[in-house]
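Here's the structure we're looking at; comments come further down.
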There are 2 protein chains.
Amino acid sequence: MSERKAFIEARLSACLPPPGARPERLTDAMRYAVMPGGKRLRAILCLAAAEAAGGRAEDAAHAACAVELLHAYTLVHDDLPCMDDDVLRRGLPTVHVKYGEAVAVLAGDALLTLAFEVLARTHEARPGMIARLVSELAVAAGAAGVIGGQVEDIASAAAPTRAAIDYVFQHKTADLFRAAVRLGAIAVQASDETLENLSLFANGLGLAFQVTDDILDASESKSGEKPELSCLDVMSEAEARAWARQLTCAARAAIADLPGDASPLATIADRLLSRVE
Amino acid sequence: MSERKAFIEARLSACLPPPGARPERLTDAMRYAVMPGGKRLRAILCLAAAEAAGGRAEDAAHAACAVELLHAYTLVHDDLPCMDDDVLRRGLPTVHVKYGEAVAVLAGDALLTLAFEVLARTHEARPGMIARLVSELAVAAGAAGVIGGQVEDIASAAAPTRAAIDYVFQHKTADLFRAAVRLGAIAVQASDETLENLSLFANGLGLAFQVTDDILDASESKSGEKPELSCLDVMSEAEARAWARQLTCAARAAIADLPGDASPLATIADRLLSRVE
């Protein structure tokens, strides 16, 4: 995992405008938003899916970077004062605190745009693949995907329902997990069956990730913050834990019979669940 | 022109999530930002470039919609309180005034994402083209293009210089004009020479457009607004008018010898200039 993380960090750094590129403030903000970053979970899933499909991780490197850049943009925009109004992320000032709101909006826009630019550079030799990669990422990230999930998240935080939880978890979180593995698999020309099994895996994993996140968040003190939608608003912690276990179990079952080595994917699923076990 | 505008409006409407699509507030905001819209100048340039290159406008329809969606997103984000803080656009409340800031940020994000999704649907039969279209639009719209121009615009509005004007006009405005004609020409498989001539045309036209916009803006009362970068900060109105004439003349010269009918492009250039003559 840490080897994979280092691989992604190096590739991501090379995708970003080099330090000092004009406009320097924008370049700084983009690099600050992406580097050194967190667990790189989505990028690692993308690479692991390529291998589980029987391909080489290297062939999914562009796709992994695109997914990670896209994830970084969602964090920058989600942290804005008009959204979650977060001033810290991973212990550091958020982008808008450090660079101002205007640059934060624009740096997020630039990271989103860069995600598609990076995808368009994938596999020069097989250009037909690019249309599919761009389409998959755009649909997952767009109004019917991640952005739609974020809108519903904000809209339903004050009066949460189980239906809202299901919609927000699916679109805000699981859609990008699903896109991450699909892009990795498409980049290595996986069969439709493999793609479907990996999609099922990632969807369950994404939902389980959000459930365990809510359980972990509930145990931290969060006084004075804006209300945030949590599955614990509509179920007990024991029920949430059982749900996460069930989702992880189903996810693992979906990757029982893949052409390549699925053990890294299984390990990721187990580790996520173990955060709350 | 009005026929072309109607064609684009119909295509754009079909690209957007249908009215009522969930999340409805996001769908409403996206459609409000795009429809009925303004002159559709960039989309019309894209279609006219396809024809000037000897191709069919129809083959550039997806590209024209993508450029227009991208333009619409820049307007939504530029109007935000943390940017230009505009409350009216074309006589109507801006998106953030009508739907709130969070939805405005997200609707802009969704329009940007949709631009790439629409491009990925261009010409199913010639997928190799899509990588090029996506790359062209992403580079033009990204940190070294439109977004970079907007960052410099904000940064230099308080202390304008000629160098800042040149950078901002080139990137904030001309880069998207240039991308519009290039996408139109690429969509109909224009030769490199045609592409180069159309790029020169659109670059000059984009700069001239911004110069004439500044001249027109200066004649309107703008008391109490945030300072905005204008070429009239560094030159007289007569100098600006001469610059616009010179740019338009050079632009027209670049399209003197194209394979198809360049007269619509020439007419657009003449009309833009005539706004200040």
- Task: Compute the Cα gyration tensor for segment A:69-198, then decide on rounded, prolate or oblate, letting a ≥ b ≥ c be the square roots of its eigenvalues: rounded whenever a/c is under 1.5, prolate when a/b is larger than b/c in the other cases, and oblate in all that remain.
- Result: oblate
- Mean separation of Cα pairs under 8 Å and 6+ residues apart, divided by the residue count of segment B:140-231: what relative contact order is that in percent? 35
- Query: In the protein assembly as shown, what percent of the accessible surface is made up of carbon and sulfur (1.4 Å probe, ligands and nucleic acids excluded)?
  - Reply: 51
- First select every other residue whose beta carbon is under 11 angstrom from the beta carbon of residue B:195; then total the charges, Lys and Arg +1, Asp and Glu -1. -1
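How long are the three semi-axes of the equivalent ellipsoid of the protein assembly as shown, in whole Å, if each is the root of 5 times an eigenvalue of the C-alpha gyration tensor, listed from largest down?
Working from the Cα gyration tensor, I get semi-axes of 41, 27, 20 Å.
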- Relative to the isolated chain, which residues of segment A:139-162 have their accessible area cut by 20 Å² or more in the presence of all protein chains (1.4 Å probe, heavy atoms, no ligands or nucleic acids)? A:139, A:143, A:147, A:151, A:152
- Message: Nothing charged except the Cβ atoms of Lys and Arg (+1) and of Asp and Glu (-1): what's the magnitude of the dipole of the protein assembly as shown about its Cα centre? Round to the nearest 20 debye.
- Response: 580
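Please report, in whole Å³, the volume per residue of the convex hull around the C-alpha atoms of segment A:159-216. Walk me through the intermediate numbers first.
Numbers: hull volume 4.1 nm³, N = 58.
Cα-based convex hull of segment A:159-216, divided per residue, equals 71 Å³.
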- Cut-off under 5 Å, modelled amide H: who pairs with residue B:89 long-range: B:94
- Message: Per residue, how large is the accessible surface of chain B? Use a 1.4 angstrom probe and give square angstrom.
- Response: 38
- Message: Compute a Gaussian network model of chain B, connecting alpha carbons closer than 10 Å, and tell me which residue from B:60, B:49, B:242 fluctuates the most.
- Response: B:242
- In whole percent, the Cα-Cα distances of chain A spread across 10 Å bins from 0 upward as 7, 29, 37, 22, 5, 0
- Note on the structure: Inter-part gap, Cα centre of segment B:137-154 to Cα centre of segment A:1-40, in whole angstrom, is 19
- Task: At a probe radius of 1.4 Å, figure out the B/A buried accessible area, summed over both chains, and give it in Å² to the nearest 100.
- Result: 3400
- Query: Going 7 Å from the Cα of residue A:92 in the Cα-to-Cβ direction, what parts of segment A:30-70 have a backbone nitrogen less than 13 Å from that spot?
  - Reply: A:30-39
- Item | Ratio Rg/Rh, restricted to segment B:118-277 and using Cα atoms, in which Rh is the Kirkwood radius | 1.01
- Task: About the Cα centre of segment B:68-153, how large is the charge dipole given +1 on each Lys and Arg Cβ and -1 on each Asp and Glu Cβ? Please answer in debye to the nearest 20.
- Result: 420
- Item | Summed residue charge, Cβ within 14 Å of residue B:235's Cβ, Lys/Arg positive, Asp/Glu negative | -2
- Query: Projected area of segment A:130-196, taken from the Cα convex hull and averaged over every viewing direction, in nm²?
  - Reply: 4.6
- Message: Label position 7 Å from Cα toward Cβ: report the copy-to-copy distances for residue A:220 in nm, one decimal, ordered from shortest.
- Response: 4.5
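If you average 1/r over all unlike Cα pairs in segment B:8-75 and invert the result, what Kirkwood radius do you get in angstrom?
12.4 Å is the Kirkwood radius here.
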- Query: If we restrict to alpha carbons, what Rg and Dmax does segment B:99-168 come to, in Å?
  - Reply: 16.1, 51
- Kindly provide the Kirkwood hydrodynamic radius of segment A:1-134 in Å, to one decimal, from all pairs of distinct alpha carbon atoms. 15.3
- Item | Chain-alone versus full-assembly comparison, segment B:68-112, residues with accessible loss of at least 10 Å² (1.4 Å probe) | B:73, B:77, B:82, B:83, B:101, B:102, B:103, B:105, B:106, B:109, B:110, B:112
- Message: With the crude spin-label approximation of a point 7 Å out along Cα→Cβ, what separation in nm comes out for residue B:10 versus residue B:219?
- Response: 3.6
- Options A:23, B:176, A:198, ranked by Cα towards positive dipole end of the protein assembly as shown, top entry (Cβ charges): A:198
- Would you calculate a helix-derived [θ] at 222 nm for chain B, using -39,500 (n - 2.57) for each DSSP H run of n ≥ 4 and dividing by the full residue count, to the nearest 500? -21000 deg cm²/dmol
- Query: Once both labels are modelled 7 Å past Cα along the beta-carbon direction, what's the residue B:277-residue B:253 spacing in nm?
  - Reply: 1.7
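The values are calculated or read from the model by the stated rules, or taken from the named source; none is laboratory data. Bear in mind the structure is a predicted one, so any value in this text is a computation, not a measurement. All Cβ positions, even for glycine, are placed from backbone atoms using ideal geometry, and neighbour counts span all protein chains on display. Please note that ligands, DNA and RNA were not included when accessible areas were found on the heavy atoms of the full protein model with its side chains. Shrake-Rupley method; radii C 1.70, N 1.55, O 1.52, S 1.80 Å.
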